[in-house]
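Below is one structure, written out as structure tokens, with a few remarks after it.
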Amino acid sequence: MIQAGDFIMNKVDFADGVRSMVSEKQMDEAAKKMRSTYALKPGAAFYRKEFGFYGIEEWRSQGLPKDADMNKLFCYDPPARHSLGQLGWCEAAFMPAFEEKLIEERGAECEVAQDKAGRSVLYFKGARSGFMPEYLDHPVKDMGSWEKNVKWRLDPAAPGRFDDIESRMAAARKVAAQGHMIVQNLIGGYMYLRSLIGPEDLLYAFYDAPELIHNCMQTWLELADAVIGEHQKYVTLDELFMAEDICYNNGPLISPNMIREFLLPYYTKLIENAKTRQIDKERHMFIQIDTDGDALPVIDIYMEIGMDAMSPFEVASGCDVVEIGRKYPKLIMSGGIDKRILAKSKDEIDKHLEYILPAMRARGGYIPTCDHGVPTEVSLENYMHYRKRCIELGG
């Protein structure tokens, strides 16, 4: 087991991606493209990836082979980012997780079950993924339920939390030596609070139970800081990437003042601590925020904690990556391709891409993807056309 400080004490003078950045010659091609993006290099070829898919089964009925290599078929680049995990994404990193169990049958088609985050969820029978779930209840009602049922599951010292750290960090160091970005992804404060309390009840709790919110956030900070601290004994972080989802189609779900009161102090402390622990003291640690909805009103707020990157810029909520990119020329961006247009004609797809891609390639700092998962309404033929045009326009 590596002890704190061992890695620094045994430091030797060569670039391994941990103690210092590897040279461009040591990077694989995908890493070069990703690093060029984060360097906001104008004119650089786009890194090729996608947000995700919802219609794979439908595409198979349209001719997609079951054993298709999606990366090859759609001309995606190999991975150039390595996520460390262990801190949740849409749910908190409970250890142990809640028991997943059936709560209630609701007729022939539906059932209510408890999920791993302790929420009561209405599902279609036999289908617990691939659609937007309906959450009926959440585990935190007050300070009593928080402390009795939830808080202890977020103990950094919970048995098993670091059992596989040696193998995970060995994998991270291996790709760091190829120039891949080492990313600490984690659930952001708003997403975390919403998963604990529920989207509607949380809005009341900010007013009625601020001490509960701060207790939850202090626990979030202590767990995140402890896990990241363990990871930083082995690797240098290139990015801290938080799943926030704090906006809807008309802007943020809570006010700027609430963001500053209940979220930013904990983010600031986490970021400060992480920066002081970096093995490579010269490395810039990028901060990325992920939120659906109209993100424009919160960009300046998150820049107060040093945000460098944002995604996925939902077009239906009014996000225009070309305009936002002009207003914030140093903001690294991903997303912004209207998933709805991919279900329309090829001419409309061409017009949309010809507006976005040349402008964003000239600017730099952009990864084109859909503004969320590709929906089932998008045909395989249209998606293939979209990918062809992305390659033609993106290098």
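Each reported figure results from applying straightforward, stated rules to the coordinates on display, with no laboratory input. Since the structure is predicted, the reported quantities are computational estimates derived from the model, not experimental observations. Here Cβ is always computed from backbone atoms with ideal geometry, including for glycine, and neighbour counts include all displayed protein chains.
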#### Entry: Net +/- balance of residues flanking TYR192 in space, Cβ distance below 12 Å, scoring K and R +1, D and E -1
-2
### Summary
Residue by residue through the range 375-384, the couplings from Karplus 6.51 cos²θ - 1.76 cosθ + 1.60 with θ = phi - 60°, in Hz, x for Gly and Pro, are x, 5, 5, 7, 6, 4, 4, 5, 5, 4
### Those GluC sites (Glu not before Pro) in the range 274-322 that DSSP places in a loop and that have at most 12 other beta carbons within 10 Å
GLU282
### Task
Send over the per residue convex hull volume for the range 99-138, Cα only, as a whole number of Å³.
65 Å³
### Task
Using only the alpha carbon atoms of the range 127-198, find the Kirkwood hydrodynamic radius as the inverse mean reciprocal pair distance, in angstroms to one decimal.
15.8 Å
## Note on the structure
Listed by chain and number, the lysines with an alpha carbon less than 30 angstrom from that of LYS125, same-chain partners under 8 positions apart left out, are LYS66, LYS101, LYS116, LYS141, LYS339
### Message
Semi-axes of the equivalent ellipsoid for the range 220-267, please: Cα gyration tensor eigenvalues, times 5, square-rooted, ordered largest first, whole Å.
### Response
28, 13, 8
### Message
Can you tell me what percent of all Cα-Cα pairs in the range 200-284 are more than 15 Å apart?
### Response
65 percent
## Note on the structure
The Cα extents of the range 13-115 along the principal axes, largest first and rounded to whole Å, are 63, 42, 26
### Query
Can you give the Kirkwood hydrodynamic radius for the range 99-244, in Å, rounded to one decimal and based on Cα pairs?
17.6 Å
### In sequence order, calculated HN-Hα J values of the range 256-272 (Karplus, 6.51, -1.76, 1.60; Hz; x Gly/Pro)
x, 5, 5, 4, 5, 7, 9, 10, 4, x, 6, 5, 4, 5, 4, 5, 4
### Task
Could you list which residues have their amide H under 5 Å from that of CYS110, counting only those 5 or more apart in sequence or on another chain, with H placed in the peptide plane?
LYS125
### Centre separation in Å (Cα based) which lies between the range 39-94 and the range 162-237
22 Å
#### Entry: Distance violations [Cα-Cα > 20 Å] among LYS344/LYS388; LYS25/LYS174; LYS33/LYS346; LYS33/LYS233
LYS33/LYS346; LYS33/LYS233
### Task
In whole Hz, with x marking every Gly and Pro, tabulate ³J(HN,Hα) for the range 197-205 from phi via Karplus 6.51 cos²θ - 1.76 cosθ + 1.60, θ = phi - 60°.
10, x, x, 7, 5, 4, 4, 5, 5
### Query
Taking the Cα atoms of the chain, what is the range of coordinates along each of the three principal axes, in descending order and whole Å?
64, 58, 43
### Query
For the chain, modelled as a Gaussian network with Cα springs under 10 Å, which listed residue fluctuates most, ALA343, ALA224, ALA209?
ALA209
